[in-house]
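**Q** Mind having a look at this structure? Questions to follow.
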Amino acid sequence: MDVRRLSYRISPGFRCALWHAGVFTFSSKIITSENNNKKGFTLIELMIVVAIIAILSTIGSMAYIISRDKARASACMMTMDTIKAGLEQYVGDYTFYPDSSAITSFADAKAVLKGSVEFSTNTTCEDPLIYVSGKTNYKMETRVHFTGAPGLGVKIILENGEMHQEDLKI
C-alpha cells in the first residue's frame, strides 16, 4: 500500500509518534517514508578497516620476528652449553683442552668433541666460532644476528665453564 495514502488515514497523534521514531518525515504537506537502506560500505570505511588490519599485522609480525630471534639465541646457548660439557669431558680424558687451531667452526667442534658428547642435529649458532685455548683455560665466542634489525644480535661467550651474553650493536 502506498505510504502517502496510508498517512492520511493515520491519526495526527500517531503520525507525530511515527515521525519522532524516524519512520516518516514531513516534506511540505506530504508524508514520505524514510527507507534509507544503504547497502555496502563507503570507500573511507573500507580504507580505515584495511589500515587497521595492516597496523595489527605489522605489530604481530614484528612480535613473531623478535620471539624467533630470541629462540635462536637460546638454542645457540644450549649448543654452547653442550660444547662446554664436551670440553669438560675432553679435559677429563686428555688433561688439556683442544688446541686453538683444531676448532674454527661448529663443524670442527662437533668433530673434535664427537667422542665426548652428543650434539643435536641442527646448530643455530653462526660461524665463525672464535676459540682460544691454553692447557688449563679456554675462551669461545659466537654471534647470533637478529633478522628483525640489521646490525643487532647477541654475542655468546663461553670462558672457562662460565657462559654469558652481550648485546651486539653495530
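**Q** If you build the convex hull over the alpha carbons only and average its shadow over all orientations, what do you get for segment 55-170? Give it in nm² to one decimal.
**A** 7.6 nm²
**Q** Could you give me the ³J(HN,Hα) list for segment 66-72, computed from phi with Karplus coefficients 6.51, -1.76, 1.60 and θ = phi - 60°, whole Hz, x at Gly and Pro?
**A** Per-residue couplings from phi come out as 5, 5, 5, 5, 5, 5, 5 Hz.
**Q** For Leu152, what residues show an amide H to amide H distance below 5 Å, using hydrogens built from the backbone and excluding near sequence neighbours?
**A** Under 5 Å from the amide H of Leu152 lie the amide H atoms of Phe146, each far enough along the sequence or on another chain.
**Q** To continue, here is another question. Can you give the FRET efficiency for Thr42 and Arg68, using 1/(1 + (r/R0)^6), R0 = 41 Å, r = Cβ-Cβ distance, to the nearest 0.05?
**A** 0.60
**Q** Which ³J(HN,Hα) values, rounded to whole Hz and listed in residue order, are derived for segment 98-106 from phi using the Karplus coefficients 6.51, -1.76 and 1.60 in 6.51 cos²θ - 1.76 cosθ + 1.60 with θ = phi - 60°, glycine and proline given as x?
**A** So the J values, rounded to whole Hz, are x, 5, 4, 6, 6, 10, 10, 8, 5.
**Q** Taking R0 as 45 Å, what FRET efficiency do you get between Asp81 and Ile55 from their Cβ-Cβ distance, rounded to the nearest 0.05?
**A** So, using R0 = 45 Å, E works out to roughly 0.70.
Each value in this text was obtained by applying a stated rule to the coordinates, not by laboratory testing. Being a predicted model, the structure only gives us computed values, none of them experimental. We place every Cβ from the backbone using ideal geometry, glycine too, and count neighbours over all the protein chains shown.
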